Amino acid sequence: MSSSLTSKHRKQTERRSIDLVVHNARLLLESGLVRGGIGVSDGVFSVIASDEHLPDADVIIDAGQKILMPGLIDGHAHINDPTMLSHESFKSGSRAAAGGGVTTFIDMPLTNQVDSEEIVTEKIRQGEEDSVVDFSFYGGMINENNYKVIPTLVERGIGAFKAFSCEPYQTNPGVLTRALSEVSEVGGHLTIHSEDQGVLDEFKKDMEGEWDAPVSHSLSRPNLAEFLAIRQNISIASHTGGHLHIAHVTTREGVNEIERGKLRGIMVTTEVCPHHLMFYRDDMNRLGPMSKMNPPLRTREDKAALWSALLRGMIDITVSDHAPCPIEKKEAGLEDIREAWSGVDGTQMILRVLLSEGINKGRLSYSRLLRVSSRNPARIFGLYPKKGVIRVGSDADFVIFDPNREEKLTADMMFSKCGWTLYEGMTMRGSPEMTFVRGVQVFGEGKILTRPGHGRFQAMGSGERPAGE
Ligand SMILES: [Zn+2]
């Protein structure tokens with residue numbers, strides 16, 4: 001009896017001790033920006049208070065009146081595909097995430113299937129050995145052979161599934177219907193890369209003799225392809241129920257179709273990538289093959305529509321679609337853009353683009369920044385309120401950023417394995433300075449401060465744990 005009392009007493013004492021205090025910050029809470037700080041105990045927020053009410057702690061950090069917000073959740077990042085490790089890995093990709101204020105990323109397969117319990121188990125093991133930030137991952141690519149595995153993987157904490165309307169993993173509308181029906185039964189969501197293959201097949205014929213111009217890549221994939229596929233996929237969702245998530249929307253027609261779906265009460269959400277918020281189709285000939293990705297860069301009108309939809313809440317989340325490659329795979333397209341790898345760096349750039357092009361240009365508010373980059377992804381991936389919020393009992397995942405600091409982007413600041421960045425030489429305003437995952441500082445002064453293995457797998461659907469309130 002006495003030993004149980006002793007251990008109970010010890011537990012209470014431990015709970016009271018504060019490991020870390022950050023003071024003199026501007027906290028980005030769900031209610032808005034307030035002055036004060038936070039305390040962390042055992043990896044979770046234990047105190048949120050004005051400076052004079054903050055307790056003492058082992059480690060005290062002065063935020064210098066910079067902004068402290070929940071860490072970003074990057075819901076679409078190609079980080080660790082077992083046979084594509086020359087592109088990125090849990091080690092390098094998670095460092096890029098940390099350097100961008102991302103405290104949890106959701107990995108997505110590139111070429112290798114994630115569609116069995118064995119593959120899930122191995123992927124969790126690898127990530128917990130190598131990642132410096134927390135992570136989860138997608139199942140997919142969903143096709144006629146594997147959609148029945150959806151309930152099993154949802155049980156294992158994998159609640160997000162990827163499918164394609166177009167090549168290289170094209171799935172027909174019948175199978176997409178089956179997959180969304182499964183999702184409607186067991187929860188989770190189906191994310192579809194939405195471009196119509198028939199339109200892509202026809203329009204690429206118009207580019208014969210023009211493939212030396214990088215912009216031909218964008219012209220060969222017209223807005224119509226995105227519009228038609230999104231319309232079809234929303235029709236399937238209206239028929240089956242189930243949560244449909246449209247991957248990386250890029251066009252004004254696509255945004256309009258999603259907005260119409262939302263207003264009809266269909267459970268459809270979507271995401272936007274930093275490169276589509278930053279660059280235009282007209283930049284492609286100047287930037288060369290590095291600017292090739294799918295869907296491609298679009299027009300000024302499309303970019304304006306994306307910012308508008310992000311501000312109005314019609315685009316739910318920001319994601320990187322981080323998919324860089326060794327530079328040789330980009331240089332292969334110098335004479336013929338078809339030969340270049342499609343994909344760019346991005347997870348280190350989400351917050352920078354939202355600050356420089358959004359907050360600092362009046363296109364985004366702080367409350368919307370919080371929602372699209374952290375709170376909404378936590379909700380969509382079933383991690384809220386464990387992640388995505390500064391709240392007592394939630395994981396102490398946060399980033400401290402200076403919204404006014406000017407920074408010239410160079411490849412040597414980037415932690416991706418690829419060694420290049422689409423943003424090379426650009427001066428941007430607003431930059432993450434420190435990143436913390438469960439109370440441990442993983443990034444600061446331009447350096448990664450933790451060893452591989454700090455990151456923990458986050459089961460989707462685990463967000464409902466008691467928040468200690
Ligand atoms: Zn992708």
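At-a-glance table
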{"quantity": "Residue list for region 158-180, filter: surrounded by fewer than 18 Cβ atoms within 10 Å (Cβ to Cβ) and among the small types (Gly, Ala, Ser)", "calculated": "Gly174"}
{"quantity": "Residue, nearest to the chain's Cα centre (by Cα), within region 316-333, restricted to residues that are open to solvent by 10 Å² or more (accessible area, probe 1.4 Å) and within 30 Å of Gly261 (Cβ to Cβ)", "calculated": "Asp321"}
{"quantity": "Elements of type strands (runs of 3 or more DSSP E) contained in region 391-448, each with 2 or more residues being farther than 25 Å from Leu364 by Cβ", "calculated": "440-444"}
{"quantity": "Answer residue from region 334-364, given it is open to solvent by less than 30 Å² (accessible area, probe 1.4 Å) and of a type in the set (Gly, Ala, Ser) and is nearest to His217 (Cα to Cα) among those", "calculated": "Ala340"}
{"quantity": "Residue in region 127-135 that is away from the ligand (no atom under 16 Å from the Cβ) and in a strand (DSSP E or B) present", "calculated": "yes"}
{"quantity": "Within region 59-88, tally of residues that are more than 16 Å from the ligand (Cβ to nearest atom) and open to solvent by 20 Å² or more (accessible area, probe 1.4 Å)", "calculated": "11"}
{"quantity": "Which listed residue is closer than 21 Å to Ile230 by Cβ and assigned by TED's automatic domain parsing to the domain that holds Ala98, from Thr177, Thr111, Thr152", "calculated": "Thr177"}
{"quantity": "Test: Asn285 is within 16 Å of the ligand (Cβ to nearest atom), surrounded by fewer than 22 Cβ atoms within 10 Å (Cβ to Cβ) and under 30 Å from Lys417 (Cβ atoms)", "calculated": "no"}
{"quantity": "Qualifying positions in region 147-189 - of a type in the set (S, T, N, Q), under 22 Å from Gly461 (Cβ atoms) and touching a residue at least 40 places away in the same chain (Cβ under 8 Å)", "calculated": "Ser181, Ser184"}
{"quantity": "So Val120, is it within 16 Å of the ligand (Cβ to nearest atom) and of a type outside the set (Ser, Thr, Tyr)", "calculated": "no"}
{"quantity": "For Asp212: the one exception among (1) out of contact with any Leu (no Cβ under 7 Å at 6 or more places or on another chain); (2) free of Cβ contacts under 8 Å to residues at least 40 places away in the same chain", "calculated": "(2)"}
{"quantity": "Residues located in region 379-402, provided they are hydrophobic (A, V, I, L, M, F, W, C) and over 20 Å from the mean Cα position of the chain (by Cα)", "calculated": "Val392"}
{"quantity": "Qualifying residue in region 67-79 (condition: assigned to a strand (DSSP E or B) and over 30 Å from His245 (Cβ atoms))", "calculated": "no"}
{"quantity": "Flag for Arg405 being basic (Lys, Arg) and either under 19 Å from the mean Cα position of the chain (by Cα) or crowded, with 16+ Cβ neighbours inside 10 Å (or both)", "calculated": "no"}
{"quantity": "Pair list, Cβ under 7 Å, 6 or more apart: region 302-325 residue more than 19 Å from Ser365 (Cβ to Cβ) and in the same structural domain as Asn376 (by TED's automatic domain parsing), other residue away from the ligand (no atom under 16 Å from the Cβ) and assigned to a loop (DSSP other than H, G, I, E, B)", "calculated": "Asp302/Thr251"}
{"quantity": "Ile124 β-branched (Val, Ile, Thr) and surrounded by fewer than 24 Cβ atoms within 10 Å (Cβ to Cβ)", "calculated": "yes"}
{"quantity": "Number of the condition not met by Asp336 [criteria: (1) over 19 Å from the mean Cα position of the chain (by Cα); (2) within 16 Å of the ligand (Cβ to nearest atom)]", "calculated": "(2)"}
{"quantity": "Filtered residues of region 289-308 (kept if assigned to a helix (DSSP H, G or I) and buried (at least 16 other Cβ atoms within 10 Å of the Cβ))", "calculated": "Pro289, Met290, Ser291, Asp302, Lys303, Ala305, Leu306, Trp307"}
{"quantity": "Boolean, Ala229 is surrounded by 23 or more Cβ atoms within 10 Å (Cβ to Cβ) and in contact with a helix residue (DSSP H, G or I) (Cβ under 8 Å, 6 or more places away or on another chain)", "calculated": "no"}
{"quantity": "Test: Ser367 is part of a helix (DSSP H, G or I), among the hydroxyl-bearing types (Ser, Thr, Tyr) and surrounded by fewer than 24 Cβ atoms within 10 Å (Cβ to Cβ)", "calculated": "yes"}
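The values are calculated or read from the model by the stated rules, or taken from the named source; none is laboratory data. Quick caveat: nothing in here was measured; it's all calculated off a predicted structure. Glycine gets a Cβ as well: all are built from the backbone with ideal geometry, and neighbour counts include every protein chain shown. Please note that ligands, DNA and RNA were not included when accessible areas were found on the heavy atoms of the full protein model with its side chains. Shrake-Rupley method; radii C 1.70, N 1.55, O 1.52, S 1.80 Å.
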